[in-house]
Amino acid sequence: MNAPNYNKASFLLSVAELSQLPTDVGVEVAFIGRSNAGKSSAINSITNIKGLARTSKTPGRTQMITYFTLDETRRIVDLPGYGYAKVPLPIQQRWQQTVNQYLQTRKSLRGLVLVMDVRHPLKDSDQQLIDWAVACQLPVHVLLAKADKLSRAQAIETLRSVKFMLAQHEELVTVQLFSSLKGTGAGIGDAQKQLDQWFSKDS
């Protein structure tokens with residue numbers, strides 16, 4: 001199967017309940033991360049479609065599972081952000097339960113893109129998610145986003161440190177620097193190559 005054309009991504013639907021999800025066929029790649037880590041901006045950069053995934057200056061605003069189609073059989077999924085303290089605990093718990101069920105039951109899910117702020121990588125919730133994914137043999141690609149907020153030397157050192165801490169999972173977990181602002185050379189091509197691998201698997 002050929003790699004998809006990310007520029008042709010389009011909004012499909014947003015759902016609050018798993019019963020509303022599209023038919024579980026084809027191939028999906030899901031994006032997840034702490035609120036305000038830069039998840040929506042990463043999706044917009046990878047598809048080169050400004051405003052495809054809604055960005056918000058208010059972390060925790062996204063409460064829905066949002067689907068974007070690339071073609072008839074391949075989809076990008078934007079999962080609710082987690083870890084924002086100002087969201088009431090019952091809502092946080094409901095999001096977590098819904099996302100957990102999606103990750104555990106979705107047969108078309110081929111990989112998980114975990115977006116972290118490069119300045120605050122590997123929080124406890126990030127590590128827990130990685131451990132869970134590894135236990136389920138679900139591949140994870142970590143985007144250390146907002147790399148433009150650090151000097152090149154600082155960003156490279158953070159990348160080295162995160163790779164070292166995740167070395168025991170290197171068969172399933174890959175890591176890269178990423179910036180939604182710097183265009184060419186910002187890691188967008190590397191992220192697309194990883195998605196290409198997952199989307200090229202048979203549905």
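Just so you know, all these numbers are worked out from the coordinates, no wet-lab data involved. Source: prediction; values computed, not measured. Cβ: placed from backbone, ideal geometry, glycine included. Neighbour counts: every protein chain shown.
A compact table of results
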quantity: Charge tally in the Cβ shell below 15 Å around residue 131, where Lys, Arg are +1 and Asp, Glu are -1, residue 131 excluded; calculated: -3
quantity: Segment 100-198: GluC sites (Glu not before Pro) in DSSP loop, at most 16 other beta carbons within 10 Å; calculated: 170, 171
quantity: Among (1) 9, 35, 35, 18, 3, 0; (2) 8, 33, 35, 14, 6, 3, 1; (3) 9, 38, 40, 13, 0, the entry that matches P(r) over Cα pairs in 10 Å bins from 0, in percent as calculated here; calculated: (3)
quantity: Share, in percent, of DSSP beta bridges within the chain that are antiparallel, nearest 5; calculated: 30 percent
quantity: Approximate spin-label separation residue 128-residue 152, in nm, with each point projected 7 Å along Cα-to-Cβ; calculated: 3.9 nm
quantity: In segment 63-124, trypsin sites (Lys or Arg not before Pro) in a DSSP loop with at most 12 other beta-carbon atoms within 10 Å; calculated: 86, 107
